[in-house]
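Notes to accompany the following structure.
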Amino acid sequence: MKSISLDITKAAQFLKPGAIQEYEPKVKAAQEALENGTCPGNDFLGWLHLPSSIKPEFLDEVQTVAHSLREMCDVIVVAGIGGSYLGARAVIEALQNSFAWLVRQKGTPAVVFAGNNIGEDYLSELEDCLKDRNFGVINISKSGTTTETALTFRLLKKLCEEQRGKETAKDVIVTITDAKKGAARICADKEGYKTFVIPDNVGGRFSVFTPVGLLPIACAGFDIKALINGAADMERATGKHIPFDQNIAAQYAAVRNALYNEAGKKIEIMVNYQPKLHFISEWWKQLFGESEGKEHKGIFPASCDFTTDLHSMGQWIQEGERSIFETVISIEQPNRNLLFPSDEENLDGLNFLAGKRIDEVNKMAELGTCLAHVDGGVPNMRISVPTLNEYYIGQLLYFFEIACGISGNVLGVNPFNQPGVEAYKKNMFALLNKPGYEAESKAIQARLK
């Protein structure tokens, strides 16, 4: 079986000779700290060997529940925010037909996502679309009190019970939450919902290989066993005993930190040339942004969809401030075959492309852009993925997870907490006069006068 691969040559040329090798001992120490549980945040390392530890029986259980939801529902709404939905959405969007909403077949429910914003129009329109439909809900929240998700679940629970009755609603609402505590656990136990557990030692942004990601992916009809197999193979291929020059996760972490510290590159742009990868980039942005952006440190994770964004962001990338580097995810072989047509009048002058695969044109756009950006002073790394399927996506996601853990440790921060996320919540609750926030409410009102 093939594997994803990493090419760092067009990034290394922006560093002094030997700069990347100088990071080898730092990367090795960082990975040893992960493996030995001696790094900051060591109580959140449950993801590290999760793929290789998942039992087939557990995946069978997830698939059984997914099959039941698929049988009973036309629409399945996944309620969650951040890591509670981005991993699942990234995989589903990468694998499903780009126009699934137009070609959905009978017996294949639509999997949609909510609970990730507080948009009144968005939620009202969702309710309108769900009226008179047989829908189910996957509620994902460790605490059950995250505002965006809890608000959305209240609305969905009420609507589902009104439309389908409490007994049927009980069978089409599944909760993924803490094993013992929290509002979502209490509600699920009281109502009799089927539940899966979010492990205590796995943070949200590292949870795609738990039921948080696996159940929605299975509901969408994709092979979660192949996904886990890919992740487990990448886990083995990036273990601490793998030599540095063969460990692509270690190399990626080393190059990122070298570009940041030695070359002043403060922004990493994750680039793809396949529209299906948009949410892979969104998942990656949360993974690295929430893990590394601490203590006034960290590379800012951005993303672009090429060639689309070359017609908007291309000018800045080519000639703007030289504070950026790019990491390109390149799909070697698309799943479809479509040839560029010939046109008798040739008004657009493109007959020279007639008979070529569309992907060949896309690949030349990718190569031409890489050469132009490198010439313009933008270091480039390239991650090659053999094709888009569950197995290789599993590899890709685990590659980023382990690289993120290593990179955060090299940077010198705790990659597994997110204290800064709480600041906006504290202000929001104070402004809404939430009980228990009286002092904060008084202080913030004084600031606003």
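The values are calculated or read from the model by the stated rules, or taken from the named source; none is laboratory data. This one's a predicted model, so the numbers in the text were calculated from it and none came from an experiment. Using ideal geometry, Cβ is built from the backbone for each residue, glycine included, and neighbour counts are taken over all protein chains shown. Areas reflect the complete protein model, heavy atoms only, side chains present, ligands, DNA and RNA absent. Shrake-Rupley method; radii C 1.70, N 1.55, O 1.52, S 1.80 Å.
For this structure, a couple of remarks:
- Some residue of the range 227-248 being modelled with pLDDT of 95 or more, crowded, with 16+ Cβ neighbours inside 10 Å and touching a strand residue (DSSP E or B) at 6+ places or on another chain (Cβ under 9 Å): yes
- Those residues of the range 155-193 which are under 16 Å from VAL212 (Cα atoms) and surrounded by fewer than 18 Cβ atoms within 10 Å (Cβ to Cβ), in sequence order: ALA179
- Residue in the range 382-403 that is over 19 Å from the mean Cα position of the chain (by Cα), of a type outside the set (Asp, Glu) and not in a helix (DSSP H, G or I) present: yes
- Those residues of the range 315-338 which are part of a helix (DSSP H, G or I) and among the aliphatic types (A, V, I, L, M), in sequence order: ILE317
- Hits in the range 30-63 - residues which are free of Cβ contacts under 8 Å to residues at least 24 places away in the same chain and hydrophobic (A, V, I, L, M, F, W, C): PHE58
- Counted residues, the range 49-82 - those being farther than 30 Å from TRP101 by Cα and in contact with a helix residue (DSSP H, G or I) (Cβ under 6 Å, 6 or more places away or on another chain): 3
- Verdict on VAL103 being out of contact with any Lys or Arg (no Cβ under 7 Å at 6 or more places or on another chain), at pLDDT 95 or above and of a type in the set (Val, Ile, Thr): no
- Single residue of VAL361, VAL374 found to be outside any loop (DSSP other than H, G, I, E, B), without any contact (Cβ under 8 Å) to a residue 40 or more places away in the chain and over 24 Å from the mean Cα position of the chain (by Cα): VAL361
- When PRO40 is tested against (1) open to solvent by 30 Å² or more (accessible area, probe 1.4 Å); (2) assigned to a helix (DSSP H, G or I); (3) not polar (S, T, N, Q), only condition (2) is not met.
- Subset of the range 249-274 that is hydroxyl-bearing (Ser, Thr, Tyr) and open to solvent by less than 20 Å² (accessible area, probe 1.4 Å) - its residue that is farthest from ASN380 (Cα to Cα): TYR273
- Meets criteria (modelled with pLDDT of 95 or more, part of a loop (DSSP other than H, G, I, E, B) and either among the polar types (S, T, N, Q) or in contact with a helix residue (DSSP H, G or I) (Cβ under 7 Å, 6 or more places away or on another chain) (or both)) for PHE222: yes
- Scanning the range 410-449 for residues that are basic (Lys, Arg), assigned to a helix (DSSP H, G or I) and touching a helix residue (DSSP H, G or I) at 6+ places or on another chain (Cβ under 9 Å) gives LYS425, LYS426, LYS442.
- Residue in the range 18-26 that is surrounded by 16 or more Cβ atoms within 10 Å (Cβ to Cβ), of a type in the set (A, V, I, L, M) and in contact (Cβ under 8 Å) with a residue 40 or more places away in the chain present: yes
- Looking across the range 49-95, the residues that are assigned to a loop (DSSP other than H, G, I, E, B), in contact with a Phe, Trp or Tyr (Cβ under 9 Å, 6 or more places away or on another chain) and crowded, with 19+ Cβ neighbours inside 10 Å come down to ILE54, CYS73, GLY80, TYR85.
- Residue match in the range 337-358 (condition: surrounded by 16 or more Cβ atoms within 10 Å (Cβ to Cβ) and within 23 Å of SER281 (Cα to Cα)): no
- Residue check, PRO334 exposed (fewer than 14 other Cβ atoms within 10 Å of the Cβ), within 26 Å of GLY213 (Cβ to Cβ) and either of a type in the set (Phe, Trp, Tyr) or touching a residue at least 24 places away in the same chain (Cβ under 8 Å) (or both): no
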